[in-house]
Structures are given as structure tokens and as C-alpha cells.
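Take a look at the structure set out below.
Any read-out appearing in this document is the output of simple, stated calculations on the displayed coordinates, not a laboratory observation. Here the structure is a predicted model, which is why all the values come from computation and not from measurement. Virtual Cβ from ideal backbone geometry, glycine too; neighbours counted across all protein chains shown.
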Amino acid sequence: MVKKIAVLTSGGDSPGMNAAIRAVVRTGIHYQLEIVGIQFGYRGLLRQKFLPLNLKSVGGIIQHGGTILMTSRSVKFKTKEGVKEAAFILRENNVDGLVIIGGDGSLAGALDLYQQENFPVVGLPATIDNDLYGTDMCLGVDTALNTIVSAIDKIKDTASSHRRAFLIEVMGRKSGYLALMSGIAGGVEAVIIPEYPTDIEELSVQLKKGYQRGKSHCIVLVAEGAGDIYQIGKLLETKIGFRMRVTILGHLQRGGSPSGFDRILGSRLGAEAVIQLLNHQDHHMVGLSGSEITTIPLAEVLANKKAIKKPIVELAAILAR
Ligand code: F6P
């Protein structure tokens with residue numbers, strides 16, 4: 001019988017993690033469970049950083065970015081011994097199931113705990129990269145998109161005033177999702193993403209034509225996984241014949257108050273994670289498909305790649321003239 005659940009956040013933080021923690025705690029308490037938080041992710045688990053959580057501990061956190069449980073990336077947890085030790089610590093502390101909130105590395109750790117140690121786990125997809133198979137949206141993506149769009153709007157103001165060209169680097173690790181979607185929402189001139197090759201020659205002709213038509217600015221988004229933004233900038237400069245300023249948005253994309261969407265998503269995912277553990281569905285990820293909360297085995301999530309479909313890339317190109 002499930003009596004005690006632990007929850008941790010791991011890997012890069014993302015807005016909405018606090019909403020998910022709050023939902024795990026409050027749903028767990030609703031079902032008469034004892035809830036314990038683990039600070040600093042898997043590293044904290046190996047150091048037994050347990051923190052009892054009650055209704056009050058998660059009051060007033062839903063509007064805050066980051067994670068009240070803190071997070072980390074642990075090397076030791078990636079070893080067989082580390083996973084074994086973690087399962088031992090969890091069992092010693094009478095924990096019957098663990099909710100892991102994080103990205104692909106964190107969910108891979110969850111699967112290790114289940115496969116190697118038969119420990120019940122549920123994963124919640126939380127990464128601004130939106131690169132996890134099995135969910136339409138990961139927690140934090142919507143907020144990050146809004147942050148990026150607001151940055152693009154601001155850069156556009158100064159770009160237009162000076163008739164300047166800008167390259168903006170957007171996070172996403174190997175995924176171009178954030179760059180592509182914020183490019184559409186921000187109305188930029190071009191988006192360079194790793195999933196589809198960009199012909200720099202063709203792009204420079206297009207940008208030049210835009211200037212000749214009297215465009216007052218030129219914004220090109222570069223996904224961080226698409227290559228060195230400074231090199232891309234130099235290449236474009238030599239072909240177009242005018243200077244391109246570079247802005248790297250960096251970690252500000254991960255912070256900030258979560259959007260309404262992320263607060264609701266975190267709340268729904270967190271609540272469902274508890275129900276999954278109560279129902280002994282204990283090796284799944286809870287995700288979003290359309291507007292429905294769904295579950296998918298963690299093994300399937302990690303064995304597959306989330307693709308960026310061609311039509312949305314084509315749409316971005318058509319609109320970016
Ligand atoms: O996975 C989230 C993410 O923000 C990526 O977009 C980025 O490449 C990476 O984390 C940065 O990691 P760190 O915070 O360790 O520098």
C-alpha cells in the first residue's frame with residue numbers, strides 16, 4: 001500500500017515546477033499520504049536531503065519561477081551504484097514512490113530507478129526545450145516562449161530605430177522548438193534550427209531583398225543547437241555587406257513567473273502523478289496530448305525522439321518574408 005511519496009526536481013529548472021510540487025503535495029494530502037520533498041535533485045537524494053512537506057509549505061509558491069526544492073545535475077546518480085544507493089535510501093526512509101520533475105536526463109534517472117531497482121517512479125516532463133517524446137508540451141515551455149517573444153519585441157524597437165540587423169540566440173539544447181515557435185510569434189525575418197539545414201546564401205539574398213524593400217529591421221533567431229552564432233553572423237555579414245549585432249538571451253529564458261498555462265499544466269501533471277502512484281502505474285511519464293492529460297511508459301519516452309514537423313517549419317518560412 002502506498003503511504004508515503006517523495007518528490008524532487010532535477011536538471012535545469014523550468015517555470016511551473018513549483019505548481020507541480022504544490023499539486024503533488026496537496027493531492028497527496030487529499031489522499032491521506034505523507035509527502036516528503038527531496039532538495040537538490042538526485043544529488044540531494046544521495047545526501048538524504050529530505051524535507052517534510054505539508055499544505056502550508058507549498059502555499060504562495062505557484063506564482064514563482066525556479067523550484068522551491070532546488071535542483072542539480074548529479075554525476076554519481078548516473079552510475080549503477082548511485083542508483084542502487086538511491087533506492088536503498090528511499091526504502092530506508094519508507095518512501096513508496098517517487099515523483100521526478102525534470103527533462104530527459106532526469107527521466108532517464110527515473111527509468112534507471114525502476115528498471116534496475118524496481119522502485120516505483122512517475123516522471124513529469126519539465127524543460128523549456130520541449131524535446132521530450134510523449135507530450136505536446138513540457139512544463140516551462142510556454143513561459144519561456146513568452147519571455148523570448150518579449151525580448152524579440154524589445155530588440156525590434158531598437159533595431160527599427162537604427163535600421164539594424166540582429167542575430168538572437170535562443171536556448172533549446174539540440175532542439176529548435178523554442179526558436180521556431182518564438183520566431184513565428186515574434187514575427188522575425190528568419191529562424192535557424194538544427195533539425196532543418198539553412199542555406200546561408202539563400203538567406204542572405206532574402207535579407208538583402210528585405211532591406212531593399214525598405215524593411216526597417218532584420219531579426220534572425222538562431223537555436224543554440226544550430227551552430228556558433230558568431231560564425232553564422234560573420235558569414236551573413238560578408239554576404240550581405242552590413243553588420244549584424246548578436247544577442248544571446250541565455251538563462252533569463254528559464255526564469256520568471258510561470259504563465260497561466262504553465263501553472264495549470266504543472267497543477268494537472270502533479271495531481272495525476274500522485275494518482276498514477278496510487279494506482280501502481282509506476283514507470284510512466286504523465287504528459288499532455290491536445291488538452292488531455294495522458295500517460296506513456298518512460299521507456300517509450302526515452303526510446304523516441306520528438307520531431308519538428310515540416311509544415312510548421314514551412315509556415316515559419318512563408319510568414320518570415
Ligand atoms: O535544458 C534546459 C537548458 O536551459 C537548455 O536549453 C540549455 O542548453 C541548458 O539547459 C543550459 O544548461 P545549464 O543551465 O547547465 O548551463
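Would you mind telling me the antiparallel percentage of the DSSP bridges in the chain, rounded to 5?
Percentage antiparallel, nearest 5: 25.
Run the simple label-point estimate for Lys309 and Ile248 please: 7 Å along Cα→C-beta, distance reported in nm.
So the two model labels end up 3.5 nm from each other.
Quick check: Cα centre of the range 224-271 to Cα centre of the range 276-296, how many Å?
What the calculation gives is 29 Å, centre to centre.
Contact order normalised by length for the chain, with contacts defined as Cα pairs under 8 Å and 6 or more residues apart; what percent is it? All intermediate terms of the calculation are to be shown ahead of the outcome.
Values: 718 pairs, mean separation 76.5, N = 321.
It comes to 24 percent, rounded to a whole number.
Name the residue farthest towards the positive end of the dipole of the chain from the options Ile38, Ala303, Cys218, assuming +1 on Cβ of Lys and Arg, -1 on Cβ of Asp and Glu, about the Cα centre.
Cys218
Suppose each label sits 7 Å from its Cα in the direction of the beta carbon; what would the His30-Lys239 distance come out to in nanometres?
Distance between label points: 5.4 nm.
Hey, what angle do you get for helix 141-162 against the long axis of the chain, alpha-carbon based, 0 to 90 degrees rounded to 10?
The helix 141-162 is inclined about 20 degrees to the chain.
Once R0 is set to 51 Å, what does the formula 1/(1 + (r/R0)^6) return for the Cβ-Cβ distance between His280 and Tyr196, expressed as a FRET efficiency to the nearest 0.05?
On the way: r = 42 Å, r/R0 = 0.83.
Efficiency at R0 = 51 Å is approximately 0.75.
Over the range 141-255, what is the mean sequence separation of C-alpha contacts under 8 Å (at least six apart), divided by residue count, expressed as relative contact order in percent?
39
Could you give the dipole magnitude of the chain about its Cα centre, charging the beta-carbon of Lys and Arg +1 and that of Asp and Glu -1, in debye to the nearest 20?
840
Label the chain by shape, choosing from rounded, prolate and oblate, from the square roots a ≥ b ≥ c of the eigenvalues of the Cα gyration tensor; if a/c is under 1.5 it is rounded, and otherwise prolate applies when a/b is larger than b/c, oblate when it is not.
prolate
Can you give the % of DSSP beta bridges in the range 1-53 that are antiparallel, to the nearest 5?
Working: 4 of 9 bridges.
About 45 percent, rounded to the nearest 5.
Explain nothing, just the number: relative contact order of the range 76-165, from Cα pairs under 8 Å at least 6 residues apart, as a whole percent. If you can, show how the numbers build up before the last one.
Details: 92 pairs, mean separation 18.0, N = 90.
Here the relative contact order equals 20 percent.
Along the charge dipole of the range 1-152, which of Gly60, Phe50, Ile148 sits closest to the positive end, that is, farthest toward it, with unit charges on the beta carbon of Lys, Arg, Asp and Glu (+1, +1, -1, -1)?
Value: Phe50.
Taking a ≥ b ≥ c as the square roots of the Cα gyration tensor eigenvalues, with a/c under 1.5 meaning rounded and otherwise prolate when a/b beats b/c, else oblate, which class fits the range 3-100? Each step should come with its number before you reach the end.
On the way: a/c = 2.52, a/b = 1.28, b/c = 1.97.
Oblate shape, in that a/c is at least 1.5 and b/c is the bigger or equal ratio.
Report, to the nearest 10°, how far helix 80-92 tilts away from the longest principal axis of the Cα atoms in the chain, using its own Cα long axis and a range of 0 to 90°.
With rounding to tens, the tilt is 50 degrees.
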